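Notes follow once the structure below has been shown.
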Ligand SMILES: Cc1cc2nc3c(=O)[nH]c(=O)nc-3n(C[C@H](O)[C@H](O)[C@H](O)COP(=O)(O)O)c2cc1C
């Protein structure tokens, strides 16, 4: 399967517009997820069939420690099929209180040599109510976890702090009322929105978390962290998170530092948005390591950013991650990556010791 993807499928798909490929992939996946035959077909290609993994984090048992990161399945259309490609869960979204059209196109570009995507989506999604309905009508696969990533609606009505907080709270309340989602991630660090990354300062994060604390919720809550802050600034956000109902952190979001692009010649003329993949890897792993060293087990750590191989996955776990999330690895390396990571975990005695079962 690796050969087929690398040599045949990828060269063809990479000739097409990335957003078009993304849409085709989602349509194909959603179609396969609708029937038993479709699910069996995908599972036969990409399903992990080894010893059960049973990876338990914050009381949730995962069949695989690898989750799809937020932004790929932003409308929850793949929530019934991703278990067949060896994902243990799907972080759906980011969803917003009102539907969001997204930024003007082009909003997705590939930097092939850098193994990175330039992402300028601007939180395009159908809005929380439509996504709740879709998930209610989706058969949830057994032992498969739905996380929901919540962001604020990307328009000029939410640029004030008060309106932004109300927007997050609306989605969070509705998801809890409807009992949709096994965990929630509050995305405070989307680089592509009106008014910028507005909740990545302690002064603004604190009132947001204070309001979210008031909404009844019995599930784990994670924060999606920015990766472009200095350690002192990052640490200040963790200190605020520590004072609230935050179980853990996803480290982290896209890289905004274009100077780190190692092949600038393949970059779009005018960068807009954030960089994924290899260009996130070092920053994310360093922040995971420092968070683990400083905070021990206070925060669950979800390692995300530049997992392009089994070794990258193991490096994130060694640095202190409890779970893994990826998107770019699946695109640049292929959909067999998740299965390979599961196999490596099954066969890795050192990791078995850290398995939380
Ligand atoms: C196309 C695309 C859309 C994304 N949209 C979101 C989003 O809506 N919310 C979010 O928290 N992160 C979003 N991200 C960031 C990813 O969740 C992840 O943090 C980042 O891509 C690093 O992981 P990777 O190197 O495995 O791709 C997006 C990433 C990509 C590639």
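Please treat every number below as a calculation from the coordinates, not as lab data. Because the structure is predicted, anything quoted here is derived from the model rather than measured. Note: ideal-geometry Cβ built from the backbone for every residue, glycine included; neighbour counts use all protein chains shown.
The mean sequence distance of close C-alpha pairs (under 8 Å, at least 6 residues apart), as a share of the length of the stretch 282-337, puts its relative contact order at 36 percent. Stretching residue 49 away from residue 142 to a fully extended chain increases their span by 32.0 nm, per 0.36 nm per residue minus the current alpha-carbon distance. Extension gain, residue 26 to residue 211: 0.36 nm times the residue separation minus the Cα-Cα distance gives 63.2 nm. Put in order of Cβ neighbour count within 10 Å, fewest first, the listed residues 43, 245 become 245, 43. The convex hull of the Cα atoms of the stretch 2-72, projected and averaged over all directions, covers 6.5 nm².
Report the far tail of the P(r) of the stretch 120-256, meaning the percent of Cα-Cα pairs longer than 22 Å. Please report the intermediate quantities before stating the final value.
Numbers: 3346 of 9316 pairs.
So the pairs more than 22 Å apart make up 36 percent of the total in the stretch 120-256.
In terms of its C-alpha gyration tensor, the stretch 108-166 has an oblate overall shape, because the principal axis ratio a/c (a ≥ b ≥ c, square roots of the eigenvalues) is not below 1.5 and a/b does not outweigh b/c.
With the simple spin-label model, which puts each label point 7 Å out from Cα in the Cβ direction, the residue 1 to residue 113 separation comes to 3.1 nm.
Exposure proxy for 2, 36: other Cβ atoms within 10 Å of each Cβ, ordered fewest to most, give 36, 2.
Taking a ≥ b ≥ c as the square roots of the Cα gyration tensor eigenvalues, with a/c under 1.5 meaning rounded and otherwise prolate when a/b beats b/c, else oblate, which class fits the stretch 74-152?
Working: a/c = 2.74, a/b = 1.27, b/c = 2.17.
It is oblate, given that a/c is not under 1.5 and a/b is not larger than b/c.
By the gyration tensor of its Cα atoms, with a ≥ b ≥ c the square roots of the eigenvalues, what is the shape of the stretch 1-119: rounded for a/c under 1.5, prolate for a/b over b/c, or oblate? Verdict is oblate for the stretch 1-119. The distance linking the stretch 228-294 with the stretch 299-341 is 15 Å (Cα centroid to Cα centroid, whole angstrom).
Residue 40 to residue 17: extension gain in nm, 0.36 nm per residue of separation minus the Cα-Cα distance?
Working: separation 23, 0.36 × 23 = 8.28 nm, distance 2.91 nm.
Residue separation times 0.36 nm, minus the Cα-Cα distance, leaves 5.4 nm.
The Cα trace of the chain gives Rg and Dmax of 18.8, 52 Å, the first to one decimal, the second as a whole number.
Sorted by mean Cβ packing within 10 Å, highest first, what order do the peptides 3-11, 254-262 take? Present the calculation step by step, with values, prior to reporting the outcome.
Numbers: 3-11: 12.2, 254-262: 16.6.
Ranked from most to least packed, the peptides come out as 254-262, 3-11.
Taking all Cα-Cα distances within the stretch 207-357, those exceeding 28 Å account for 25%.
Hey, fewest Cβ within 10 Å first, where do 84, 56, 96 land in order?
Working: 84 23, 56 13, 96 30.
Least crowded to most crowded, the residues run 56, 84, 96.
Per-residue ellipticity at 222 nm, computed for the chain from helices alone with -39500 (n - 2.57) per DSSP H run of at least four residues, works out to -11000 deg cm²/dmol.
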